[in-house]
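The values are calculated or read from the model by the stated rules, or taken from the named source; none is laboratory data. Nothing here was measured: the structure is a model prediction, and the numbers come from that model. Neighbour counts are summed over all protein chains in view; Cβ atoms, including those assigned to glycine, are modelled from backbone coordinates with ideal geometry. Surface areas here come from the heavy atoms of the whole protein model, side chains and all, with no ligands, DNA or RNA. Shrake-Rupley method; radii C 1.70, N 1.55, O 1.52, S 1.80 Å.
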Amino acid sequence: MLEGKNVNLRVVEKESLPLYSEWINNPEFYGEYNPLEQESRAEIEKNYDSAPPEKRKFFVEKKDGTKIGVVNTFPVGGLLEIGFTLIPSERGKGYGTEAVQIMVDYLFLSRDLVRIQAYTDPRNMTSQRVLKKAGFKKEGVVRKSMFIRGEWRDLLLFSILREEWKEPRVLTKPT
Ligand SMILES: CC(C)(COP(=O)(O)OP(=O)(O)OC[C@H]1O[C@@H](n2cnc3c(N)ncnc32)[C@H](O)[C@@H]1OP(=O)(O)O)[C@@H](O)C(=O)NCCC(=O)NCCS
């Protein structure tokens with residue numbers, strides 16, 4: 001488990017896939033800026049079993065163990081991308097920012113990465129603020145790059161380079 005100050009990140013175990021499945025199949029969970037996807041439990045389990053180590057799902061947990069969201073990593077060529085979502089009732093309390101900071105610390109401490117990237121909708125001001133607070137910089141608009149809710153949408157690409165990260169903000173260096 002990756003421990004932060006107010007939240008922890010815990011790898012999603014196979015036994016927890018029912019909760020994960022319940023969340024991702026609820027359109028309110030991802031909200032209006034993410035693709036509308038429905039995935040059966042069998043598909044989720046199959047993808048889970050075949051996923052490479054770079055493709056991981058982590059639950060965001062409060063300190064009492066309550067699960068409140070998910071942070072994902074995806075390999076893109078030789079790069080890593082992250083995604084993050086909290087359940088609606090736990091948004092706006094600083095948990096999303098800390099979860100992203102923990103993930104950035106973890107990825108730079110555990111992998112020889114030069115950059116971590118994330119896409120977000122230009123209208124998603126919360127997500128952009130979270131990325132900026134976690135040290136990401138806006139690179140630009142990637143035009144018509146994802147089919148979301150009936151239309152091809154432009155997305156903003158953000159990234160953080162290892163030299164911009166410099167040192168862990170939440171996690172401590174392993175001794
Ligand atoms: C995006 C998400 C994970 C962020 O987590 P969170 O816990 O709600 O975010 P935080 O509370 O840590 O930070 C939110 C920041 O956005 C700011 N913010 C919120 N709405 C804003 C707006 N309309 N304009 C500008 N800033 C805004 C808040 O003021 C806060 O910044 P501050 O700490 O400087 O005041 C969460 O809101 C969520 O799950 N949203 C729906 C799914 C989603 O959009 N996922 C991201 C896809 S890229």
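How far is it, in nm, from the label point at Lys137 to the one at Glu37 when both lie 7 Å from their Cα along the line to the Cβ?
Going by the 7 Å Cα→Cβ label model, 3.0 nm.
Suppose R0 equals 45 Å. What FRET efficiency, 1/(1 + (r/R0)^6) with r the Cβ-Cβ distance, do Lys62 and Glu163 give to the nearest 0.05?
0.85
Going by amide H atoms built from the backbone, whose H comes under 5 Å of the H on Asn124, apart from near neighbours?
Residues meeting the amide H criterion: none.
Can you list the residues, at least 5 places off or on another chain, whose amide H is less than 5 Å from the amide H of Ser145, using H built in the peptide plane?
The answer is Arg153, Asp154, Leu155.
Can you pull out the GluC sites (Glu not before Pro) in segment 1-32 that DSSP calls coil and that have at most 12 other Cβ atoms within 10 Å?
Listed in order of number, the matching sites are Glu13, Glu32.
Setting aside same-chain residues fewer than 8 positions from Lys132, which aspartates and glutamates have a Cα under 18 Å from its Cα?
Straight-line reach from Lys132, under 18 Å: Glu81, Glu98, Asp105, Asp121, Glu163, Glu164, Glu167.
Would you work out what percent of the accessible area of the chain, with all protein chains in place, is carbon or sulfur (probe 1.4 Å)?
Carbon with sulfur: 49 percent of the solvent-accessible area.
Using the alpha carbon gyration tensor of segment 14-166, what are the three equivalent-ellipsoid semi-axes (square root of 5 times each eigenvalue), largest first, in whole Å?
Semi-axes, largest first: 22, 19, 17 Å.
At Thr172 and Ser50, where each label point lies 7 Å from the Cα along Cα→Cβ, what is the point-to-point distance in nanometres?
4.2
Sort the following peptides by mean Cβ neighbour count (other Cβ atoms within 10 Å, averaged over residues), highest first: 131-138, 47-54.
131-138, 47-54
What are the ³J(HN,Hα) couplings of segment 155-164, residue after residue, when phi is run through the Karplus curve with 6.51, -1.76, 1.60 and θ = phi - 60°? Round to Hz, x for glycine and proline.
Coupling constants for segment 155-164: 10, 8, 9, 10, 8, 10, 8, 4, 5, 7 Hz.
Pop the C-beta distance of Leu19 and Leu79 into the FRET formula with R0 = 22 Å and round what comes out to the nearest 0.05.
After rounding, the FRET efficiency stands at 0.15.
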